[in-house]
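Here is the structure we will look at.
What follows draws every value from the coordinates through simple rules; no lab data is involved. Computed from a prediction, not measured in an experiment: that's the story for all the values here. Cβ sites come from the backbone with ideal geometry, for glycine too, and all protein chains shown count toward neighbours.
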Ligand code: PEP
């Protein structure tokens, strides 16, 4: 079974609610591609207006984070129930910026992954090595650890429907893209890791994105690789160029 590509934007901490709606209106006609699942990952305050603006289109909305409790005294956090009620279908979890600036651990990411699945939200679970780890030759050891802990107690059937985003930290927001061979090598390694944790059928079904300075010029080459099932796109997802990335095969 061929895996459908999934191309998601990560807007990060950009776009006020009114700017967000204007951006959706600009991008809507540009991101028409039936071969691809299209996702806009938007700041929490933009979720409600963006879901409204995306009604009747092919665009699904992702949150950029989520807490692992149902409700209660967690000032400033957002629960899975809130996301579901607002119409969110995906949640980006364990982005390197959250791990770095907000000290999220693999165990935190695992709790969030389990909670999202429990509520029917598809996790886009991020992993990726630093430049130092790459230079030390421990890229795959580090990522295998992130993936194994992140997926603890996730069943094979649940894992099959998930998305993993491989994002080398040194390529995020730097304009320095991994070569398609480097990206493929790690995405293949992640798929092997999934086969070891579960089985070949799960590994064949789970979708693995590449993220890190994807742009209109490099998307087609990256997405042509056997184990790369689309991309998680930061900077370029805020521009009309995102349409070219989504329509990489047209
Ligand atoms: C990201 O934030 O997930 C990302 C990959 O950013 P950029 O595309 O800007 O490198």
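The set of residues from the stretch 208-227 being surrounded by fewer than 23 Cβ atoms within 10 Å (Cβ to Cβ) and either closer than 16 Å to residue 127 by Cβ or more than 15 Å from the chain's Cα centre (by Cα) (or both) comprises 215, 216, 217, 218, 220, 221, 224, 225, 226, 227. Going residue by residue through the stretch 129-138, is there one that turns out to be under 21 Å from residue 90 (Cα atoms), without any contact (Cβ under 8 Å) to a residue 60 or more places away in the chain and surrounded by 18 or more Cβ atoms within 10 Å (Cβ to Cβ)? For the stretch 129-138, residues under 21 Å from residue 90 (Cα atoms), without any contact (Cβ under 8 Å) to a residue 60 or more places away in the chain and surrounded by 18 or more Cβ atoms within 10 Å (Cβ to Cβ): absent. When restricted to residues that are in contact with a helix residue (DSSP H, G or I) (Cβ under 8 Å, 6 or more places away or on another chain) and closer than 13 Å to residue 189 by Cα, the stretch 130-159 contains 9.
Here the helices (runs of 4 or more DSSP H) wholly within the stretch 190-250 that include at least 1 residues being in contact with a helix residue (DSSP H, G or I) (Cβ under 7 Å, 6 or more places away or on another chain) and within 11 Å of the ligand (Cβ to nearest atom) are 219-223, 241-246.
Here the stretch 26-66 is the region considered, the condition is being touching a helix residue (DSSP H, G or I) at 6+ places or on another chain (Cβ under 7 Å), assigned to a helix (DSSP H, G or I) and over 20 Å from residue 84 (Cβ atoms), and the residue that is nearest to the ligand (Cβ to nearest atom) is 27.
Summed over the stretch 1-19, residues that are free of Cβ contacts under 8 Å to residues at least 40 places away in the same chain and either assigned to a strand (DSSP E or B) or more than 19 Å from the chain's Cα centre (by Cα) (or both) total 5. On the stretch given as the stretch 82-97, residues that are over 26 Å from residue 235 (Cβ atoms) and surrounded by 14 or more Cβ atoms within 10 Å (Cβ to Cβ) total 2.
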